[in-house]
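Comments concern the structure below.
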Amino acid sequence: MSEQRIIIAGFGGQGILSMGQILAYAGLLEGKTVSWLPSYGPEMRGGTANCSVIISEEFVGSPVVTEADTAIIMNLPSLVKYEKNVVNGGNLLINSSLISEKTSRREVKAYEIAANDIANELGNAKVANMVMLGAYIELTRIVSKESIIQSLEKVLGSSKKNLIHINEEALERGAGAVRNH
C-alpha cells in the first residue's frame with residue numbers, strides 16, 4: 001500500500017487530533033511523506049473535531065482528503081457526515097460503543113469496534129482513540145506498531161511516560177478486534 005488517505009472524526013476530547021498527529025509522525029519516522037490537517041469546531045472539548053492524514057511513498061499534493069481510503073469514526077454525527085467520503089472498497093472503522101446505527105454503505109468494509117468499552121476494561125477511558133488506531137494499523141499496516149509507540153513517546157512527552165504501557169495495550173486490543181473479522 002503506497003498511500004493511505006484517512007479521515008478521523010469525532011468530538012473534542014476524544015483524542016481525534018492527537019490520533020492523527022501520532023499516525024503522521026509514525027509515517028515520518030518511517031521516511032514516508034505525510035500530511036496532517038486538523039479541524040475542530042469552536043467549542044473544542046465536546047464540539048466536533050476531525051483531521052485528514054495522508055501517508056504516502058510519493059509526494060503529497062494536497063492535505064485535503066475528500067475521498068478517504070479509511071475513515072475512523074468516533075461518534076454518530078461524524079458517521080453521518082463522513083461515511084460517504086470513503087472510497088468503494090475502503091475501510092470504515094466505527095466506534096460501536098457510541099454508535100448503535102449501522103453504515104448505509106455496502107461497498108465499503110465496515111468494522112464495528114467497541115473502543116470505549118475496551119478502553120474502560122483497560123481502566124482508562126481516554127485510550128479509546130488508541131484502540132481505534134490499533135485496529136487501523138492492523139488492517140492497513142501503513143506504519144508499524146513500533147513507529148506508533150515511538151510517536152506516542154514523542155507526543156506524550158517524558159512527563160506522561162507512565163501512560164505508554166496502557167496505550168500499547170489499547171493498540172493491541174484494537175488490533176485484536178479486527179484481526180479475525
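The values are calculated or read from the model by the stated rules, or taken from the named source; none is laboratory data. Keep in mind the model is a prediction, meaning the values are calculated, not measured. Here the Cβ is made from the backbone with ideal geometry for all residues, glycine too, and neighbour counts use every protein chain on show.
Looking at Gly61, Gly27, just one residue is at pLDDT 95 or above and either assigned to a loop (DSSP other than H, G, I, E, B) or of a type outside the set (A, V, I, L, M) (or both), and that residue is Gly27. Within segment 94-133, being of a type in the set (Val, Ile, Thr) and assigned to a strand (DSSP E or B) holds for Ile94, Ile113.
Looking at segment 77-88, which of the residues that are modelled with pLDDT of 95 or more and out of contact with any strand residue (DSSP E or B) (no Cβ under 7 Å at 6 or more places or on another chain) is farthest from Thr140 (Cα to Cα)? Checking each candidate, the answer is Lys84.
Yes/no matrix, rows are residues, columns are (1) touching a residue at least 12 places away in the same chain (Cβ under 8 Å); (2) more than 29 Å from Asn180 (Cβ to Cβ):
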{"site": "Ile22", "(1), (2)": "yes, no"}
{"site": "Ser35", "(1), (2)": "yes, yes"}
{"site": "Asp69", "(1), (2)": "yes, no"}
{"site": "Asn75", "(1), (2)": "yes, no"}
{"site": "Asn88", "(1), (2)": "yes, no"}
{"site": "Lys102", "(1), (2)": "no, no"}
{"site": "Val108", "(1), (2)": "yes, no"}
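For segment 66-83, residues that are over 19 Å from Glu168 (Cα atoms) and either within 14 Å of the chain's Cα centre (by Cα) or of a type in the set (Asp, Glu) (or both) total 12.
Restricting attention to segment 59-82, report how many residues are out of contact with any Phe, Trp or Tyr (no Cβ under 9 Å at 6 or more places or on another chain), farther than 15 Å from Glu3 by Cα and surrounded by fewer than 22 Cβ atoms within 10 Å (Cβ to Cβ). Reasoning before the result, please.
Taking segment 59-82 as the starting set, the residues that turn out to be out of contact with any Phe, Trp or Tyr (no Cβ under 9 Å at 6 or more places or on another chain) are 59-62, 64-67, 69, 76, 79-82.
So of that shortlist, the ones also farther than 15 Å from Glu3 by Cα come out as 76, 79-82.
Those still in the list that are surrounded by fewer than 22 Cβ atoms within 10 Å (Cβ to Cβ) too: 76, 80-82.
Of the residues in segment 59-82, 4 are out of contact with any Phe, Trp or Tyr (no Cβ under 9 Å at 6 or more places or on another chain), farther than 15 Å from Glu3 by Cα and surrounded by fewer than 22 Cβ atoms within 10 Å (Cβ to Cβ).
Could you identify the single residue in Val155, Val178, Val131 that is out of contact with any Phe, Trp or Tyr (no Cβ under 6 Å at 6 or more places or on another chain), under 23 Å from Ala24 (Cα atoms), crowded, with 17+ Cβ neighbours inside 10 Å and β-branched (Val, Ile, Thr)?
Numbers: Val155 fails: crowded, with 17+ Cβ neighbours inside 10 Å; Val178 fails: out of contact with any Phe, Trp or Tyr (no Cβ under 6 Å at 6 or more places or on another chain).
After applying the criteria, what remains is Val131.
Please verify whether Ser35 is under 20 Å from Ile148 (Cα atoms), of a type in the set (Ser, Thr, Tyr) and in contact with a Pro (Cβ under 7 Å, 6 or more places away or on another chain), treating the condition exactly as stated.
Judged against the criteria, Ser35 is a match.
For residues that are of a type in the set (D, E, K, R) and part of a helix (DSSP H, G or I), scanning just segment 134-152, find the one that is surrounded by the most Cβ atoms within 10 Å (Cβ to Cβ). Steps first, please.
The first filter runs over segment 134-152 and keeps only residues of a type in the set (D, E, K, R), leaving 138, 141, 145-146.
Retained after the next criterion (residues that are part of a helix (DSSP H, G or I)): 138, 145-146.
Working: Glu138: 19, Lys145: 17, Glu146: 11.
The qualifying residue surrounded by the most Cβ atoms within 10 Å (Cβ to Cβ) is Glu138.
Residue pairs whose Cβ atoms lie under 7 Å apart, separated by 6 or more positions or on different chains, with the first residue in segment 162-181 and assigned to a helix (DSSP H, G or I) and the second among the aromatic types (Phe, Trp, Tyr) and at pLDDT 95 or above, are Val178/Tyr111. Kindly indicate whether any position in segment 84-93 is assigned to a helix (DSSP H, G or I), among the polar types (S, T, N, Q), more than 25 Å from Lys160 (Cβ to Cβ) and more than 14 Å from the chain's Cα centre (by Cα). Yes, some residue in segment 84-93 is assigned to a helix (DSSP H, G or I), among the polar types (S, T, N, Q), more than 25 Å from Lys160 (Cβ to Cβ) and more than 14 Å from the chain's Cα centre (by Cα).
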